[in-house]
Amino acid sequence: MRKVKAAVLTATNRPFEIQEFELTKPPEGMAKIRLIASGICGTDVHIYKGKIPVNMPAIIGHEFIGEVEALSASDSKRYGIQAGDHVIVDIACPCGHCRLCRAGDDANCVHMGVTNGGDPAIAPHLYGGYAEYNYSPVKNLIKIPSELNPVMVDVFACAGPTVLHAFQLAEKAGCNLREISTAVIQGLGPVGMFALLYLKAMGVPNVIAVTGSRKEERDQYARQLGAAAVLSMADDGQEGILAVIERYNDGLAADLVFESSGNPRAVPQGLGMLRNRGVYLIPGQYSNSGAVEIEPQKITFNALHLIGSSQYAVEDVKAYLQFLQNNPQLYAAIDRLHTDYSVPQINEAFQAVQAGKNIKTLLVPER
């Protein structure tokens, strides 16, 4: 039997171990998928630090894109997936029975499961994204259109659907992007970068990025994607940032703020950047990173609208792929945002992510 490599997390805050596993025939209902690209997400850093508990040892990672190598004929016929297809693995497994699932809101299923939670000691071993192969339920695979470069798709494989789901919730709550003049993005990781390019693609005139501190290369990418200004809390401060926002928005604070930094301190800052009746989207606070004080009267007196958003659904992944198909002018810019490592280089790659060295870090096959 052929053996392949995977990065195994054996304990929090410890280096990943590179282990080898035998490739096996996929069981009924699952496909064997060869790695094309697999992203390292901020959520993975939370898991690594113990802020999101998982059973260990584990092969974590949830941004796996690969080429299907094997699946049963019945699964292929049932789901329309064939050997040779390029696919995104959606790790979410909603129960389908709770009140939210029955209402069509399976992204917020109260009994959500995941495909990557299996024990690596049990065949087929390779359930998560940090591996040279992956085994996932065929029903969780979304085919990538042939005209899309799968590595380029993986840059925002999680961030894209996350952003689109947040805006879908905003739309349901009455927020019309066509009426937004000035928006603020807090944080310029993958989620913030995609939110920026999405808002510009949707025609929002002024999108202002706010970060903790300046990073010239990252900030330059944001300007290339259409940011009207890139500001930092360290250099510009809350009052200076608000003055810039008001200059762009006819004397008003922001119509919409999108929190994607993951820093709890960003939340009270974001509340202070909104005009009366402004909308605050908060998908970035994805782990317990500590408490902050807010001034709740601002929510009341300014009639603010706060919307949280966590998981996304298969339909959001499909919407992401459709967005890419509709905007080929973005391909070159997106493809410049990733830095690649092999699976055996996982600890180097992870250190780069924690240091904020790369905009997007991907695992790709060894060359």
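The values are calculated or read from the model by the stated rules, or taken from the named source; none is laboratory data. No experiment lies behind these values; they were computed from the predicted model shown. With ideal geometry, Cβ positions are generated from the backbone for all residues, glycine too; neighbour counts draw on all protein chains shown. Ligands, DNA and RNA are excluded from the accessible area calculation, which covers all protein heavy atoms including side chains. Shrake-Rupley method; radii C 1.70, N 1.55, O 1.52, S 1.80 Å.
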(message) Just to be sure before I move on: is GLU171 in contact with a helix residue (DSSP H, G or I) (Cβ under 9 Å, 6 or more places away or on another chain), open to solvent by 50 Å² or more (accessible area, probe 1.4 Å) and among the acidic types (Asp, Glu) in the structure I sent?
(response) yes
(message) If the requirement is being open to solvent by less than 30 Å² (accessible area, probe 1.4 Å) and touching a strand residue (DSSP E or B) at 6+ places or on another chain (Cβ under 6 Å), which of these qualifies: ILE47, ILE65?
(response) ILE65
(message) Restricting to the range 142-166, name every residue that is crowded, with 23+ Cβ neighbours inside 10 Å, touching a helix residue (DSSP H, G or I) at 6+ places or on another chain (Cβ under 7 Å) and either of a type in the set (Phe, Trp, Tyr) or within 14 Å of ILE91 (Cβ to Cβ) (or both).
(response) PHE156, PRO161, THR162
(message) Based on this model, can you work out whether PRO365 counts as in a helix (DSSP H, G or I) and open to solvent by 40 Å² or more (accessible area, probe 1.4 Å)?
(response) no
(message) With the requirement that a residue be in a strand (DSSP E or B) and small (Gly, Ala, Ser), what does the range 128-169 give you?
(response) ALA131, SER136
(message) Restricting to the range 113-130, count the residues that are in contact with a Cys (Cβ under 7 Å, 6 or more places away or on another chain) and open to solvent by 60 Å² or more (accessible area, probe 1.4 Å).
(response) 1
(message) Can you tell me which residue is farthest from LYS318 (Cα to Cα) among those in the range 95-150 that are modelled with pLDDT under 95 and in contact with a Phe, Trp or Tyr (Cβ under 6 Å, 6 or more places away or on another chain)?
(response) GLY118
(request) Could you please find all residues in the range 272-292 being modelled with pLDDT of 95 or more and either within 19 Å of ASP250 (Cα to Cα) or open to solvent by 20 Å² or more (accessible area, probe 1.4 Å) (or both)? (result) GLY272, MET273, LEU274, ARG275, ASN276, ARG277, GLY278, VAL279, ILE282
(message) I'm trying to understand the selection: among the residues of the range 250-269, which are under 29 Å from PRO161 (Cβ atoms), touching a residue at least 60 places away in the same chain (Cβ under 8 Å) and assigned to a loop (DSSP other than H, G, I, E, B)?
(response) SER260, SER261, GLY262, ASN263
(message) Looking at the range 42-68 only, could you name the residues that are among the small types (Gly, Ala, Ser) and closer than 20 Å to ILE359 by Cα?
(response) GLY42, GLY61
(request) Can you tell me which residue among ILE59, ILE40 is at pLDDT 95 or above, in contact with a strand residue (DSSP E or B) (Cβ under 6 Å, 6 or more places away or on another chain) and closer than 23 Å to SER260 by Cβ? (result) ILE40
